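For reference, the structure discussed in these notes is given below.
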Amino acid sequence: MGILSGLGPTWKQFDDLEPGDYLFEIAEPGDDGWLSEFEDQDNPTATMTYVNWRLRVIKPEAFEGKLFFHRTMWDATPQKLAQAKRPYDPKGFTRQFIGAVAGVLVHGVVTILDEYLDKHGDPDPDAMIGLRFWGSLRLVPDKKDPSKSYVILTKAWQE
């Protein structure tokens, strides 16, 4: 089974980038690799596993070459899912991201292109290194603290 089999909800981090449209390139993973796990401070059995995307800015030139991170959750324990306000499939959001940058839409169904799949048919992040796509960054309020806001990737599309 592939590294990204069963993918989904997200946390994005774009420090020092202004809202706007950017051309990104998927870079090699950091020293910690593609995956990281986080546990809930109140319940250690409530864990989430994320894909750690490193994105290099290609355009605009003012930010060219800077690396930024985009984390997409691909798994959660039943205990973590039970904490959600409403049920969701933890695979959906990462599939949506990968489909937007490495897939095609046919009759309402997104299919990831073969060159970005491993031999088992699962998304292969190593095959996506160097893949370029446009992303729209927008400022959104922090749900936990309305006096704060942060920049997130709200939309992605192929170059």
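The values are calculated or read from the model by the stated rules, or taken from the named source; none is laboratory data. Everything numeric in this text was worked out from a predicted model, so none of it was measured. All Cβ positions, glycine included, derive from the backbone under ideal geometry; neighbour counts span all protein chains shown. Protein only, heavy atoms only, side chains kept; ligands, DNA and RNA dropped before computing areas. Shrake-Rupley method; radii C 1.70, N 1.55, O 1.52, S 1.80 Å.
Values for this structure:
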item	result
Neighbourhood charge, 12 Å Cβ-Cβ cut-off, centred on Pro44 and excluding it, Lys, Arg +1 and Asp, Glu -1	-3
Heavy-atom SASA rank of Arg54, Arg71, Arg86 (probe 1.4 Å, accessible area, largest first)	Arg86, Arg71, Arg54
Net charge of neighbours whose Cβ lies under 15 Å from the Cβ of Val104, counting Lys and Arg as +1 and Asp and Glu as -1	-2
Helical contribution to [θ] at 222 nm, DSSP H n ≥ 4, -39,500 (n - 2.57), averaged over the chain, rounded to 500	-2500 deg cm²/dmol
10 Å-binned pair-distance histogram of the chain (Cα, whole percent)	10, 37, 37, 15, 1
Tyr116 accessible area, assembled protein chains, probe 1.4 Å, Å²	30 Å²
For the range 83-138, projected area of the alpha-carbon convex hull averaged over all directions, nm²	6.0 nm²
Within-12-Å neighbourhood charge of Glu159 [Cβ basis; K, R +1; D, E -1]	0
Cα centroid separation - the range 52-104 against the range 144-159, whole Å	12 Å
Rounded to the nearest 10 Å², the accessible area of Thr154 at probe 1.4 Å	70 Å²
Restraint check, Lys59/Lys119; Lys66/Lys119; Lys119/Lys143; Lys59/Lys148; Lys85/Lys119; Lys59/Lys85, Cα-Cα greater than 29 Å	Lys59/Lys119; Lys66/Lys119; Lys119/Lys143; Lys85/Lys119; Lys59/Lys85
Where Glu61, Glu28, Glu115 fall by accessible area, highest first, once all protein chains stay in place (1.4 Å)	Glu61, Glu115, Glu28
